[in-house]
Every structure is written in structure tokens, then in C-alpha cells.
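Notes for the one structure printed next.
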Amino acid sequence: MFHSSPAGLHAWADFYVIVGTAAASLTGLMFVVITLVAGVRGFTTRQGLATFSTPTVVHFSTVLGIAAVLAVPWPTIACAAAVLVVAGIAGVAYATAIAVKALGSRDGSDYEADWEDRVFYVVLPFVAYGAILLAAIGLLAAIRGALFMLGGASMLLIFMGIHNAWDVVVYVTSRISREREAADRAQPERDPVNEESSDT
């Protein structure tokens, strides 16, 4: 049985300080993203937020949670493994729910999932949370390899979150631009002769 602070965990302390801090900071970034999408139909619905913005916060929070779990002075490594097993199972279940939403319709919007969305909102979450689950089980048998798998899953979640936040901002920016152009085209052209006669 491993003790509460095996040498393997000490070697990863700086790594999890970095990724944990990054995850917490990037979670704050999502408040800015939500503010940007507030005026765009499709993302402002409950389903749109739950499908494309909330998962990003969940990814960042998971990384922060992993960093915290591995910093706790557990009586044995089995305690940390048990918590991470629960997190992995919950993550896989959540990834399944998001996959169903991402591949479905979004409240009548014109959005259709492309290959990139399928990769970042469907495939990679399964990979990341599945890796967390396997690594948690592996902590009891091969701690070195399990810690590398956890580190890889944490970085994958961070990069997925960054990509998804940027993807939302780009989508919203382009959609706002298209809506403004459509509104400008819909406005009737003003006739300066009629305006002058109406003023007199």
C-alpha cells in the first residue's frame, strides 16, 4: 500500500500547480465569453449554453479538481484513486449527455455540427474522461504510468476548453456580423429629395 505522499506524487506537484492555476484562470475567462454570447440567439437558450459553454467550465473545473485531489494528504493513495474513479465515471456520463446535445438540433437555429465540433465536443471528452477513469484505477497498480495518463488527460481538457471557448467567440462574432449586414440590407434606402421636402 502506498503512503499518503509517495515520491511519484511529489514529482508532479509543480505540474498540478501550473495546470490548476491555469484551469481556475480560464474558468474566469468563460464569464467574458458568456457576456459576449448574451445577445446571440442559439447560444443564449438553455440548451445552447448547456451544450457549448457549460462543458468548457466543466473541463476546467475537472482539471482544478484533479489538482486538488492529488494535493490532499490522503491516508493512502487508494482514497485519491476512489475519488478520481467517481470523477471519471461522472465525466464519461456527462460526455455522453453532451454528445447527444451537440449532435442534435439547437432550438431551431441553423447550426449543424461539423467534423471539428464532433471531435472537440464528442470524441475528445470521451478520451479525456475515459483516461481519467483508467488512470484512477491504475493508481493502485502502476502509479508512474497512471500519473502520466492523468497529466495527459488534464492537458487535453485544458486545450479542449481553450479551443471551445475560442470557437464560441469566433462563431458569435461572425454571426453578429452577418446579422448586422442583413439588418443593413433590410433597411430601405433613404431618399434625400423626399427628406428635404418633408423638412420644409
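Observations on the model:
- Among residues of the stretch 132-146 being of a type in the set (A, V, I, L, M), over 17 Å from residue 64 (Cβ atoms) and in a helix (DSSP H, G or I), the one that is modelled with the lowest pLDDT is 143.
- Test: residue in the stretch 44-57 that is modelled with pLDDT of 85 or more, polar (S, T, N, Q) and surrounded by 15 or more Cβ atoms within 10 Å (Cβ to Cβ): yes
Conditions tested, residue by residue: (1) over 20 Å from residue 164 (Cα atoms); (2) in a loop (DSSP other than H, G, I, E, B); (3) at pLDDT below 85.
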position	(1), (2), (3)
41	no, yes, yes
86	yes, no, no
124	no, no, no
129	no, no, no
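- Checking residue 119 against (1) more than 23 Å from residue 32 (Cβ to Cβ); (2) touching a helix residue (DSSP H, G or I) at 6+ places or on another chain (Cβ under 9 Å); (3) assigned to a helix (DSSP H, G or I), the condition it does not meet: (2)
The values are calculated or read from the model by the stated rules, or taken from the named source; none is laboratory data. All figures in this text were calculated on a predicted structure; none of them were measured in a lab. Heads up, the Cβs are rebuilt from the backbone with ideal geometry, glycines too, and the neighbour counts pull from every protein chain shown.
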